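Just so it is clear, none of the values below were taken in a lab; they were calculated from the coordinates. Just so you know, these numbers come straight off a predicted model, no measurement behind them. In this analysis, Cβ positions are derived from the backbone assuming ideal geometry, glycine residues included, and neighbour counts consider all displayed protein chains.
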Amino acid sequence: MRHRKSNVKLGRTASHRDAMLRNMATSMFRHEQLQTTVAKGKALKPLVDKLVTLAKKGDLEARRRIHSILRNETVAKQLIETAKDRFSNRESGYTIVVKNGHRRGDRAPMILLRLCTLADVKVIPGSGSAGIKVKTDRGRRVAASRAATTGRPAATPAATMDLTKRAAEAPLAVVPLDMAPPTEDPIAEAPLTEAPLAEAPLAEASPEAAPGEAPEATAEPSDDEK
C-alpha cells in the first residue's frame, strides 16, 4: 500500500524521475519559464520552491545542496546570487502556473510554469512578520504569460496610465480673443410681434329703449302687407 508516499511516479522509475525533474529545474532557472504538462508541473513546482528557499538561506550547507541538485554550475551560481534580492518580499510561492491549452496529438493539458517577479505582485500594507502583504494580480500574470508565449506585447496598466498622464499634461492651444471667430447662438430667438386684436362691432341700442330694459323685437311684415 502507498501509505505516506506523496511523490508522483509519472510512469518512470525512481532514477529516471529524479533525473528528469533535475533537468527540468535546471531549464526552469536558466530560462525562467517552462512549458510542460500539468502532472509534471505539479511534481516540479515543490522542487523549484525548495531550491529558491535554499538559495535565499545562502549558507554553506544550502549551497552544497543546491549544487547537488542542479548539476549546471552557472545556473546554480546565478540562482544563489539573485534569489535573495529577487524574492525578498515572498516567503513561499515563487512560481506561477498558467494554463496553456492542450498539446497537439494526445490533447494533454499544458501549463506554463514560470518564476514570479516583482511586476507580478502588488505590495499593500498589512499585518505580518515583515509588515507587508503580497497580493498577486492574476489578470496581469495571464496577459504577460500569453505575451511571452505568442510573442505579442501585452498592454500593461502602467502603459495605460502613462498615456493618460501624457494627455493630461499636454499644453492647450490658446487663441486670443481678438483673433477668435465670432460665435453665433445656434438657437436665435425670433422677435415677438403682437397681432392687433380684431374688435367685434357692438350693436347700438335704440334711444327709445330704457337703459334697464331690453329692446323690443320688431315683427317682420306678412305677405299680405307686402
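Full extension of the chain between M20 and A39 gives 5.5 nm of extra length, using 0.36 nm per residue less the Cα-Cα distance. Here's how it looks for T117: its modeled amide H is under 5 Å from none belonging to a residue 5 or more places away or on a different chain.
The calculated FRET efficiency for E73 paired with M1, based on their beta-carbon distance and R0 = 41 Å, is about 0.50. Put in order of Cβ neighbour count within 10 Å, fewest first, the listed residues L79, L10, L112 become L10, L112, L79.
Return the FRET efficiency for the residue pair E61, E81: r is the Cβ-Cβ distance, R0 is 25 Å, and the value is rounded to the nearest 0.05. Step by step, r from the Cβ atoms, then E = 0.90. Taking each of K9/K50; K57/K99; K5/K84; K9/K57; K42/K77; K50/K99 in turn, the alpha-carbon distance tops 28 angstrom for K57/K99; K5/K84; K9/K57. In this simple spin-label approximation, E91 and R146 carry label points 7 Å from Cα along the Cα→Cβ vector, and these lie 3.4 nm apart.
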